[in-house]
1. If you rank B:35, A:35 by fewest surrounding Cβ atoms within 10 Å, what's the result?
2. Considering the convex hull of the alpha carbon atoms of region B:13-77, report its projected area averaged over all viewing directions, in nm², one decimal.
3. Return the Rg/Rh value of the protein assembly as shown, two decimal places, where both radii are evaluated on C-alpha atoms and Rh is the Kirkwood radius.
4. How do B:75, B:39 rank when sorted from fewest to most other Cβ atoms within 10 Å of their own Cβ?
5. If you scale each eigenvalue of the Cα gyration tensor by 5 and take the root, what three semi-axes come out for chain A, rounded to whole angstrom and sorted largest first?
6. Build a GNM of chain B with springs between Cα atoms under 10 Å: which of B:14, B:40, B:102 gets the top mean-square fluctuation?
7. Give the dimensionless ratio obtained when the Cα radius of gyration of chain B is divided by 2.2 N^0.38 Å.
8. Only counting other Cβ atoms within 10 Å, I'd like A:87, A:45 sorted with the fewest neighbours first.
């Protein structure tokens, strides 16, 4: 079956430092990857949408300078949170889809929970 | 920018009852609507999707889509305690480059008590 693994599951970083999180697709080719943040207030925000061999599209309020993303192949994507502060806390979810059709299922990992001290 | 609103925020039903969850969206050109289930500590898992006006049934789940009123609903028949989770509505819009951008609502927290 199609699975998405994210690691680490949890991480704590000091304010102003950076941390990298990874997303691995197993059992399908992740042509499209969406990174989301689920905040303590339960808001589900899209950070960016990435398609292999295409430019990564960031949503308003999120920038490549703050959340650089790499999507080098059909099974892997990573995102870094640079200079993390309290407002960056939350559950970061990677959703991967095998194909660009909206009818293709978006498979999610369990997320990386980021705490900032 | 697509806006997705879900109601109610939380729902408590007895075991065996019907659970009804609602979702409204802002753009009738939205391509597809998905419902996801999220248990604590896990990522969302796709449950059912609908693309055309009307209804779709899968097992105990029925989803109704009315594009004219920008409304979609999910109904869970014979609700079980194991159905207790957060249910997320996701609406996909086509964006430049041929990709689809899913926008999620804040979710409905469903509790089914024995």
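1. The order, fewest Cβ neighbours first, is B:35, A:35.
2. Values: hull surface 20.3 nm².
Over all viewing directions, region B:13-77 projects a mean Cα-hull area of 5.1 nm².
3. So for the protein assembly as shown, dividing Rg by the Kirkwood Rh gives 0.97.
4. Placing the least packed residue first, the sequence is B:39, B:75.
5. Working: eigenvalues 106, 41, 32 Å².
Each semi-axis is √(5λ); the values are 23, 14, 13 Å.
6. B:40
7. Numbers: Rg = 13.8 Å, N = 114, 2.2 N^0.38 = 13.3 Å.
For chain B, the normalised Cα radius of gyration comes out at 1.04.
8. Lowest to highest Cβ neighbour count: A:87, A:45.
None of the figures in this text is laboratory data; all of them are computed from the coordinates on show. These numbers were taken from a predicted model, which means no experiment stands behind them. Methodologically, a virtual Cβ is constructed for each residue, glycine included, from the backbone with ideal geometry; neighbour enumeration extends over all protein chains shown.
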